[in-house]
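The values are calculated or read from the model by the stated rules, or taken from the named source; none is laboratory data. All figures in this text were calculated on a predicted structure; none of them were measured in a lab. Note that each Cβ is placed from the backbone with ideal geometry, even for glycine, and that neighbours are counted across all protein chains shown.
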């Protein structure tokens, strides 16, 4: 009969961290080059199909744009909107003067009068009716 002469007991708390480290090292070793992996993950994230708002939609048929495309387009449009708003604010008087000059041209006045007359005529012939009151006041300047 054989008797156990030596009993080797190792605490589970001692073995667990060692095994976890070995598993983590094996996973990292199988992943390959970290820089390539990160590059692939970034590329995948930037080219993920999203909706027009830049979010992954529950309905897959709405996800037809690259995330990078949507974000870039939105950023450019926002910058253009800000630049144009700023330019218009600085040049609003020039724009107002140009519009006034255009409206003062005799040909423009004729087209405006014609458009008004056409609108009145179409409202008269339509089953829908337009009420219009025209008042003339004497200028006392």
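Structural remarks
- Residue check, residue 137 in a helix (DSSP H, G or I) and outside the structural domain of residue 53 (by TED's automatic domain parsing): no
- Condition check for residue 99: assigned to a helix (DSSP H, G or I) and in contact with a strand residue (DSSP E or B) (Cβ under 7 Å, 6 or more places away or on another chain): no
- Here residue 62 meets the list (1) out of contact with any strand residue (DSSP E or B) (no Cβ under 6 Å at 6 or more places or on another chain); (2) modelled with pLDDT of 90 or more; (3) surrounded by 10 or more Cβ atoms within 10 Å (Cβ to Cβ) almost entirely, failing just condition (2).
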